[in-house]
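The structure under discussion appears below in the form of structure tokens.
The values are calculated or read from the model by the stated rules, or taken from the named source; none is laboratory data. In this text, all values refer to a predicted model and were calculated from it rather than measured experimentally. Positions of Cβ are generated from backbone atoms using ideal geometry, with glycine treated the same way; all protein chains shown enter the neighbour counts.
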Amino acid sequence: MRILTKKIHRAYPELDQFDDKTCKRFITRAKQRHGAWKANAFLVFVLVTTFILWIPLAILLGFLERKLALILGYGDALRIPIMLMLYTGIGWFPSICFLLSRDRLLHLAIRTQLQHALCRNCGYSLLGLTLTEHHNQQAVQCPECGQTTTLKELDLTQADIDPTLLSGEPRS
Ligand SMILES: [Zn+2]
């Protein structure tokens, strides 16, 4: 979870060979390639839905809390923080759902981008390898099985194999 670990890319050994700045550019690229607007639309949906959902949920929890207070007979010392949690939930509940969803989407984009850079023959990661020429096309040779695959076949650009070539300020 990114709330706990800021460096999401360090969860992927394939990215260990690159510095943080390059990894962040790689993530920005991954998000762009794998439906950034769809992910943003989904996050807005999560925020709005969880915001609306909290109202009936808080009413229900408030009702259950009253019952529980009667059964267990605890006093205001415990009721005040519980009620405070319920009232402030309209803020923290959508926020937590938003952050968790954003995290899942980021991991999905990174995994998809990494999968694109796998050798089609043996599944070895081709990320960071030196590019070669193959029938006048840019290609990459798998060090594991020796298979040469062109970037066109992989549907990748030079910067997808060598993220140090990615330019621009990382946004994530
Ligand atoms: Zn291979």
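Conditions: (1) touching a residue at least 40 places away in the same chain (Cβ under 8 Å); (2) assigned to a helix (DSSP H, G or I). Q17 meets all but one. Number of the miss?
Of (1) touching a residue at least 40 places away in the same chain (Cβ under 8 Å); (2) assigned to a helix (DSSP H, G or I), only one is false for Q17: (2).
Tell me the residue from G89, G75 that is modelled with pLDDT under 90 and more than 16 Å from the ligand (Cβ to nearest atom), please.
The conditions single out G75.
Being modelled with pLDDT of 95 or more and hydroxyl-bearing (S, T, Y) is the filter; apply it to the stretch 113-146 and report the residue that is nearest to A36 (Cα to Cα).
In this case the residue turns out to be S125.
In the set F26, F18, F51, which member is over 24 Å from A159 (Cα atoms) and modelled with pLDDT of 90 or more?
The match here is F51.
Does any residue of the stretch 75-93 turn out to be more than 24 Å from Y12 (Cβ to Cβ) and in contact (Cβ under 8 Å) with a residue 40 or more places away in the chain?
Scanning the stretch 75-93, I find at least one residue that is more than 24 Å from Y12 (Cβ to Cβ) and in contact (Cβ under 8 Å) with a residue 40 or more places away in the chain, so the answer is yes.
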